[in-house]
Amino acid sequence: MSTQPLFTPYRMGDLDLSNRIVMAPLTRMRARSDDQVPTTLQAEYYAQRATAGLIVTEGVAISPEGFGWADTPGLWTEDQVRGWRHVTDAVHAASGRIIAQLWHTGAISHPDLRGGARPLSASDVDPEQISVVAAGRVRTVTPRPMTKDEIRRTVADYARAARNAMDAGFDGVQIQANYLYLLAQFLNKATNRRTDEYGGEIEGRARLLFEVVEAIFGEVEPSRVGVKIGPMHETGPFAANDETLPMAEFAIRELSGYGLSHLLIMGNTTDFTGTPLEPLMGDGMFRHFRPIFRGTLIANTLMDAERGNRLVTEGLADLVAFGRPFIANPDLVERLKNGAPLAEIDWTTVYGSGPTGYSDYPALQPESV
């Protein structure tokens with residue numbers, strides 16, 4: 001079993017990883033609600049899962065303007081940095097590696113999280129999604145288009161958050177540039193109707209992403225900086241269109257020349273049938289982008305040991321990210337290695353508070369002799 005590709009060491013950038021299993025980002029809502037400071041409970045949770053070759057944290061807001069999901073952590077205050085230091089120390093004490101995912105929610109935020117102010121985005125297009133506020137789930141609202149000064153400040157906020165992440169002891173950072181959030185809102189022609197240099201054709205809509213990457217490089221070595229990006233098909237303005245794939249191809253091809261530590265791509269999380277992304281279903285996503293990106297590629301979505309080993313063997317991925325299986329299985333690496341059964345998730349406790357359904361899932365007990 002130890003010869004499985006997933007359990008072989010790997011060097012990502014200048015980090016030596018003990019295996020090729022990555023814990024994917026998972027929003028869990030356990031930070032302090034008043035100041036977005038991570039807690040000792042989060043330190044325990046991540047340390048329990050430190051046998052992964054690499055942990056990518058839940059999304060971490062880069063600024064008050066970027067904060068947009070109740071009870072999630074931030075990286076813009078000294079208290080938040082100190083809170084994250086407890087987390088990284090715990091993971092490192094368990095011989096793990098951990099990087100912070102830098103997050104600006106843009107239009108997915110809500111006035112209830114912003115003192116009544118409208119969230120910021122590329123344009124005034126309601127993403128027609130769900131915001132998570134203290135009172136629960138509510139519909140998104142129409143955001144306010146960012147001014148150029150606000151764009152410049154946001155780029156600086158990314159750089160500051162990246163520096164804070166390194167001060168907090170993280171082994172690197174990952175820029176969240178996919179799904180429904182701010183950078184994806186700029187990339188998507190349906191949510192970006194700008195006519196200035198940050199809108200228009202594909203190159204303009206990708207400008208903010210590259211400015212963010214380059215600003216972070218001013219604070220963190222490229223070998224410690226990764227990006228999560230890829231084409232998706234969601235609802236409303238985030239339904240796949242004729243430019244969804246060309247935009248992803250352009251962005252990933254350009255990112256390939258930056259010397260990033262990694263690129264994380266999700267497979268299809270929704271049904272691509274009948275959309276421009278239909279050829280990318282299943283392993284098609286990784287087959288398509290593997291030749292485009294020269295560097296460490298992390299494959300994510302609906303992974304198990306068999307699929308992960310195959311993707312690595314076929315050269316379609318270097319590392320394989322597991323998300324939901326890590327929720328109920330803090331010892332997921334050991335279970336996968338030995339073919340042990342996986343514990344089931346209690347979905348009523350995934351988004352909540354306290355240790356229940358968070359840090360209280362037990363490791364698999366060895367059979368009595």
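The values are calculated or read from the model by the stated rules, or taken from the named source; none is laboratory data. Keep in mind that this is a model prediction, so the values were computed, not measured. Using ideal geometry, Cβ is built from the backbone for each residue, glycine included, and neighbour counts are taken over all protein chains shown. Note: areas computed on protein heavy atoms with side chains; ligands, DNA, RNA excluded. Shrake-Rupley method; radii C 1.70, N 1.55, O 1.52, S 1.80 Å.
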TODO: Quick one: compute the contact order of the chain, relative version, from alpha carbon pairs under 8 angstrom and 6+ residues apart, as a percent.
DONE: 16 percent
- [ ] Please give the length that would be gained between residue 365 and residue 94 if that part of the chain were fully extended, namely 0.36 nm times their separation in residues minus their C-alpha to C-alpha distance (nm, one decimal).
- [x] 95.6 nm
Open item on the list: Just to confirm my numbers, what's the Cα centroid distance between the range 339-369 and the range 204-229 in Å?
Closed with: 36 Å
Task: 15 Å beta-carbon shell around residue 271, net charge (K/R +1, D/E -1) - done: -2
Task: Beta bridges by DSSP in the range 114-261, antiparallel share as percent, to the nearest 5 - done: 40 percent
Open item on the list: What does DSSP give for the chain in terms of the percent of beta bridges that are antiparallel, rounded to the nearest 5?
Closed with: 20 percent
- [ ] Mind jotting down the distance between the C-alpha centroids of the range 138-174 and the range 4-83, whole Å?
- [x] 16 Å
Task: Cβ-placed point charges (K, R +1; D, E -1), dipole of the chain about Cα centre in debye, nearest 20 - done: 140 debye
Open item on the list: How much length would be gained if the chain were fully extended between residue 271 and residue 302, taking 0.36 nm per residue of separation minus their Cα-Cα distance, in nm to one decimal?
Closed with: 9.8 nm
Task: Vicinal HN-Hα couplings computed from phi for the range 77-85 (Karplus, 6.51 cos²θ - 1.76 cosθ + 1.60; Hz; Gly/Pro x) - done: 10, 5, 4, 5, 4, 5, x, 5, 4
Open item on the list: With Kirkwood's inverse mean 1/r over C-alpha pairs for Rh, give me the Rg to Rh ratio of the range 297-369, two decimals please.
Closed with: 1.04
Task: Kirkwood-based Rg to Rh ratio, the range 56-112, C-alpha trace - done: 1.03
TODO: With a Förster radius of 30 Å, plug the Cβ-Cβ distance of residue 350 and residue 195 into 1/(1 + (r/R0)^6) and report the FRET value to the nearest 0.05.
DONE: 0.15
Task: List 302, 180, ordered by accessible area with a 1.4 Å probe, largest first - done: 302, 180
Open item on the list: At 1.4 Å probe size, put 76, 103 in order of accessible surface, largest to smallest.
Closed with: 76, 103
Open item on the list: Looking at the range 136-196, I'd like the Rg to Rh ratio, where Rg is from alpha-carbon atoms and Rh is Kirkwood's inverse mean 1/r.
Closed with: 1.04
Open item on the list: Between residue 78 and residue 14, what's the calculated FRET efficiency when r is the beta-carbon distance and R0 is 30 Å? Round to 0.05.
Closed with: 0.65
Task: Derived scalar couplings ³J(HN,Hα) [the range 291-303; Karplus, 6.51 cos²θ - 1.76 cosθ + 1.60; whole Hz; x for Gly, Pro] - done: x, 7, 9, 9, x, 5, 10, 9, 9, 9, 4, 6, 9
TODO: Identify all lysines with a Cα-Cα distance to residue 148 below 25 Å; exclude those on the same chain that are fewer than 8 residues away in sequence.
DONE: 189, 228
- [ ] Note down the accessible area of residue 105, probe 1.4 Å, to the nearest 10 Å².
- [x] 0 Å²
TODO: Starting from the amide H of residue 175, placed 1.01 Å from N in the peptide plane, find each other amide H under 5 Å away whose residue is 5 or more places distant or on another chain.
DONE: 102, 226, 227, 228
Task: Other-chain or far-sequence residues with amide H under 5 Å of residue 267's (modelled H) - done: 300, 301
Open item on the list: What are the equivalent ellipsoid semi-axes of the range 77-177, built from the alpha-carbon gyration tensor (square roots of five times its eigenvalues), in whole angstrom, biggest first?
Closed with: 30, 17, 12
- [ ] Restricting things to alpha carbons, tell me how big the range 8-157 is in terms of Rg and Dmax, in Å.
- [x] 16.8, 50
- [ ] Taking P(r) over Cα pairs in 20 Å bins from 0, in percent as the quantity of interest, determine which of (i) 22, 44, 29, 4, 0; (ii) 30, 62, 7, 0; (iii) 26, 54, 16, 4, 1 was computed from the displayed structure.
- [x] (ii)
Task: Integer Hz, Karplus 6.51/-1.76/1.60 couplings in order for the range 96-113, x for Gly and Pro - done: x, 10, 8, 10, 9, 8, 8, 9, 10, 7, x, 5, 7, 6, 8, x, 5, 9
Open item on the list: If I take R0 = 30 Å and measure r between the Cβ atoms of residue 253 and residue 149 in this structure, what FRET efficiency does the formula 1/(1 + (r/R0)^6) give, to the nearest 0.05?
Closed with: 0.50
TODO: Give the accessible area for residue 301 in Å² (nearest 10); use a 1.4 Å probe, count only protein heavy atoms, and leave out ligands, DNA and RNA.
DONE: 20 Å²
TODO: Can you give me the P(r) profile for the range 135-243? Cα pairs, bins 10 angstrom wide beginning at 0, each as a whole percent.
DONE: 13, 41, 33, 13, 0
- [ ] Name the long-range amide H neighbours of residue 8: under 5 Å, sequence gap of 5 or more, or other chain; modelled H, no Pro or chain starts.
- [x] 20
